[in-house]
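Visitor: Pasting a structure below so you can have a look.
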Number of protein chains: 4
Amino acid sequence: MNKSRLEAFSDGVLAIIITIMVLELRVPEGSSWEALRDVAPTFLTYLLSFVYVGIYWNNHHHMLQLASKVDGRVLWANLHLLFWLSLLPFTTSWMDESGFDPVPTAVYGIDLLLAAVAYFLLQRALISQQGSDGPLASALGRDWKGKLSPILYLVGIAAAFWVPYVAVGVFVVAALIWLVPDRRVERFVAEHGTSGR
Amino acid sequence: MNKSRLEAFSDGVLAIIITIMVLELRVPEGSSWEALRDVAPTFLTYLLSFVYVGIYWNNHHHMLQLASKVDGRVLWANLHLLFWLSLLPFTTSWMDESGFDPVPTAVYGIDLLLAAVAYFLLQRALISQQGSDGPLASALGRDWKGKLSPILYLVGIAAAFWVPYVAVGVFVVAALIWLVPDRRVERFVAEHGTSGR
Amino acid sequence: MNKSRLEAFSDGVLAIIITIMVLELRVPEGSSWEALRDVAPTFLTYLLSFVYVGIYWNNHHHMLQLASKVDGRVLWANLHLLFWLSLLPFTTSWMDESGFDPVPTAVYGIDLLLAAVAYFLLQRALISQQGSDGPLASALGRDWKGKLSPILYLVGIAAAFWVPYVAVGVFVVAALIWLVPDRRVERFVAEHGTSGR
Amino acid sequence: MNKSRLEAFSDGVLAIIITIMVLELRVPEGSSWEALRDVAPTFLTYLLSFVYVGIYWNNHHHMLQLASKVDGRVLWANLHLLFWLSLLPFTTSWMDESGFDPVPTAVYGIDLLLAAVAYFLLQRALISQQGSDGPLASALGRDWKGKLSPILYLVGIAAAFWVPYVAVGVFVVAALIWLVPDRRVERFVAEHGTSGR
């Protein structure tokens, strides 16, 4: 089956998720810089979730470059990933409105963790289609980022019950790791070409 | 006429429907696990509708693979399907907010039923274009899932007036039937190739 | 310039407009059939606007089939059309919430009229690019639907100040005229082929 | 890497931003022309932001025509641009609800300024990929509009603390400059062809 509609649908869902969060940004009460400062935590939380959705879109984009065909299992693995990402506006909003209380902050981390697990399962579904010597498996290599992230999310979830701000700090670090350019797929494509359109 | 814009528009509408429902998830009042548990029914209802939209997207994707051209009748049959699906956030929300009262639960089932009818009409419109020996008719075969689903929805609608939770159980079962991979189209494509792009 | 992004962007905006209107559908207060009946006018108004956006999407789809290239003038003529269509959720909502009072009903008609004018200007922009003997001008022919619609909208706007329900009836008729299949473009494509991708 | 998903994702986000703003348009209280007149400032503010998003979509469309491949740096530069644009519904809404008070009006200008900076960085990222003798650098030439706009935004931001309506006037002028057709890319494409699909 053709992968272009899977990409188009995922692009649509991710575009909506990333934009819906801005609806959480309530207009400040009053017209002063102080009023704006009051929405700063919400703004920064929105920024963090924006970056996370951006990371997933980026990685999804790279991963699908190395896929040529998709089957029913891949479609559902993809919907599973989109499900956990579609909860991000909700978990972001709860964490923010609670003023970074332990449980909401932990739930935010659990959502990130489940999205990471779903992404891993999608990767597996694509690799199992290509075989373990396929282009995706080769390009991924040891995938230390994919292995480190869930550990950081677990650390963050645990830390949320101790000092929630430490948890948020861990989630920020986990995002920054992905912002550092990952040349694996690009290098692979440069050397071997894509196996797509 | 080219089918790519029909696919793109449908992807857009389905992506928005699936994401709008998350807006129904109100942030829990309080920061405790109990507060989160209070939104659990809403969460599970959202999950059910998410899965239904996912099923429709999946089936739509498969069906359109076997179509090569679309005409005006197909465009309107498709919009008809999107109309009933676009009401899902509304019917989901009413069923959930009423605490699964009989009428809202039945209306949820009626929406599912009308979407199934619309899907069937879209299938007919595509088949009538290709002729009954076209690739779509051949791939569908006896289409027992397509025939069983409306019966289950009718059972669910009737059950809603008796014990609404039984109705919800029937709707869950009807969804699970579709989650089991359907290899008809994939097998057909593997054997005969698509008749598209 | 390539027309595919213009199509994709228009599909996105139209998909969102058509789906946003469902957000206007408030969950009925109570769990009875009577409660549902209370939202019936809103439902029917939503259906009317859904059909109008569907008509525009359909016609837009057909028209762009006969365009090969787009220039800056076409891009802005298209955005102009999308602007008036993007106001439909607003004008629909006002007409519905006012209980079909004269001014809101007239404003709904004015929005339809301005969208029709914008569509006409987009058509002109595309034809002026191709020349008056181009495929679009030939396929359109006398375009009696395109000429009748604005007259009906004007009649509806005037009627709104007399009996608003007559105005709504006129808007329904103007929509039904477009629902009757229009074979011009399809016939032209069948005879001459598209001038696109 | 292929640029088509970057275009599709950007189209999705811009389509949502442009349509979300219509949600800010509250239904007038009452059914009279006076009630409609009360929402006129909101309407005009919405129109201004609609035009700005339209301008960015237009320029984005043109710029990407001259790009053939995109890398990780381009993906993030693009997300950075989308981030500032996604704040437009928020800054538009604050400026409008405050009745054009100094700080909210200045913040609206700051958002426009940061979007312009992000657009410039995206341009740089694309040019650095092609080399300074690539098609984009050649087509841009001296880029006086790209250089004038940030200056106008700065003037507007300063004016907001003096007479906010002057600031709004400056933002309107900065938009009008872009509405005048820019033939650079079209001329370049006509002469040299695109370097894309």
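Quick note: the coordinates plus some simple rules give every number you see, no bench work behind them. Bear in mind the structure is a predicted one, so any value in this text is a computation, not a measurement. Methodologically, a virtual Cβ is constructed for each residue, glycine included, from the backbone with ideal geometry; neighbour enumeration extends over all protein chains shown.
Visitor: If you average the sequence gap of Cα pairs under 8 Å that are 6 or more apart and divide by the length of chain B, what percent do you get for the contact order? Kindly include the intermediate steps, with their values, before the conclusion.
Guide: Working: 196 pairs, mean separation 48.6, N = 197.
Across chain B, relative contact order equals 25 percent.
Visitor: Further question on the same structure: What average number of partner chain Cβ atoms lie no more than 10 Å from the Cβ of the residues making up C:103-115? Could you put the intermediate results ahead of the total?
Guide: On the way: counts 8, 7, 1, 1, 4, 0, 0, 0, 0, 0, 0, 0, 0.
For peptide C:103-115, the averaged partner shielding equals 2.
Visitor: In addition: Could you check the simple spin-label distance between B:Arg124 and A:Arg37, using points 7 Å along Cα→Cβ, in nm with one decimal?
Guide: Modelled inter-label distance: 6.7 nm.
Visitor: Separate question: So how far apart, in nm, are the two label points at D:Val166 and A:Ile177 if each is 7 Å from Cα heading toward Cβ?
Guide: Taking the simple label geometry, D:Val166 and A:Ile177 are separated by 5.3 nm.
Visitor: Karplus couplings for the stretch B:76-91 from phi (6.51 cos²θ - 1.76 cosθ + 1.60, θ = phi - 60°), rounded to Hz, Gly and Pro as x?
Guide: In residue order, the calculated couplings are 6, 4, 5, 5, 4, 4, 4, 4, 5, 5, 5, 7, 4, x, 5, 5 Hz.
Visitor: Quick check: from the Cα gyration tensor, does the stretch A:4-192 come out rounded (a/c under 1.5), prolate or oblate?
Guide: In terms of gyration-tensor shape, prolate.
Visitor: What number, in percent, do you get for the relative contact order of the stretch A:101-162 if the mean sequence gap of Cα pairs under 8 Å and at least 6 apart is divided by its residue count? Write down the numbers at each step before the final one.
Guide: On the way: 37 pairs, mean separation 39.4, N = 62.
Over the stretch A:101-162, the number comes to 64 percent.
Visitor: Using Cα-Cα distances under 8 Å and only pairs 6 or more residues apart, what relative contact order does the stretch D:1-77 have, in percent? Show your work: numbers first, answer last.
Guide: Details: 33 pairs, mean separation 41.1, N = 77.
Once divided by the residue count of the stretch D:1-77, the mean separation gives 53 percent.
Visitor: Just check the protein assembly as shown against the gyration tensor rule for me: Cα atoms, a ≥ b ≥ c as the square roots of the eigenvalues, rounded for a/c under 1.5, and otherwise prolate or oblate depending on whether a/b exceeds b/c. Kindly include the intermediate steps, with their values, before the conclusion.
Guide: Numbers: a/c = 1.10, a/b = 1.00, b/c = 1.10.
It is rounded, given that a/c, with a ≥ b ≥ c, falls under 1.5.
Visitor: Moving to a separate point now. If I model a spin label as a point 7 Å beyond the Cα along the Cα-Cβ vector, how far apart are those points for A:Trp144 and A:Ala158 in nm?
Guide: Taking the two extended label points, one gets 2.1 nm.
Visitor: Give the nm distances, rounded to one decimal, from B:Ser138 to the matching residue in every other copy, measuring between label points 7 Å along Cα toward the beta carbon; shortest first.
Guide: 3.5, 3.5, 5.0
Visitor: Specify which residue in the list D:Leu6, D:Val172, D:Leu23 is farthest towards the positive end of the charge dipole of chain D, using unit charges on the beta carbon of Lys, Arg (+1) and Asp, Glu (-1), about the Cα centre.
Guide: D:Leu6
Visitor: Moving on. For label points placed 7 Å from Cα toward Cβ, what is the shortest-first list of nm distances from B:Val173 to its copies?
Guide: So the label point of B:Val173 gives 5.1, 5.1, 7.2 nm to the other copies.
Visitor: For peptide C:30-39, what's the mean number of Cβ atoms from other chains within 10 Å of each residue's Cβ? Intermediate results must be reported in sequence, preceding the final value.
Guide: Numbers: counts 4, 13, 5, 3, 1, 4, 4, 0, 0, 2.
Other-chain Cβ atoms within 10 Å of each residue's Cβ, averaged: 4.
Visitor: To continue, here is another question. Restricting to DSSP loop positions (anything but H, G, I, E, B) with no more than 16 other Cβ atoms inside 10 Å of their own Cβ, which trypsin sites (Lys or Arg not before Pro) remain in the stretch D:1-62? Working shown, then result.
Guide: Values: sites: D:Lys3, D:Arg5, D:Arg26, D:Arg37; in loops: D:Lys3, D:Arg26.
Within the stretch D:1-62, the qualifying trypsin sites (Lys or Arg not before Pro) (loop, at most 16 other Cβ atoms within 10 Å) are D:Arg26.
Visitor: Follow-up. Could you name the lysines whose alpha carbon sits less than 27 Å from that of A:Lys145, not counting residues in the same chain fewer than 8 places away?
Guide: Excluding near neighbours in sequence, the set is A:Lys3, A:Lys69, D:Lys3, D:Lys69.
Visitor: Within the stretch D:120-185, which trypsin sites (Lys or Arg not before Pro) sit in a loop by DSSP and count at most 14 neighbouring Cβ atoms inside 10 Å? Can you show the working numbers first?
Guide: Values: sites: D:Arg124, D:Arg142, D:Lys145, D:Lys147, D:Arg183, D:Arg184; in loops: D:Arg142, D:Arg183.
For trypsin sites (Lys or Arg not before Pro) across the stretch D:120-185 that sit outside H, G, I, E and B with at most 14 neighbouring Cβ atoms in 10 Å, the list reads D:Arg142, D:Arg183.
Visitor: Label-to-label distances across copies for A:Leu47, with labels 7 Å out along Cα→Cβ, in nm, shortest first?
Guide: Listed shortest first, these distances are 3.5, 3.5, 4.9 nm.
Visitor: List every residue whose amide H lies under 5 Å from the amide H of D:Val163, counting only residues 5 or more places away in sequence or on a different chain, with H placed 1.01 Å from N in the peptide plane.
Guide: Answer set, sorted by chain and number: none.
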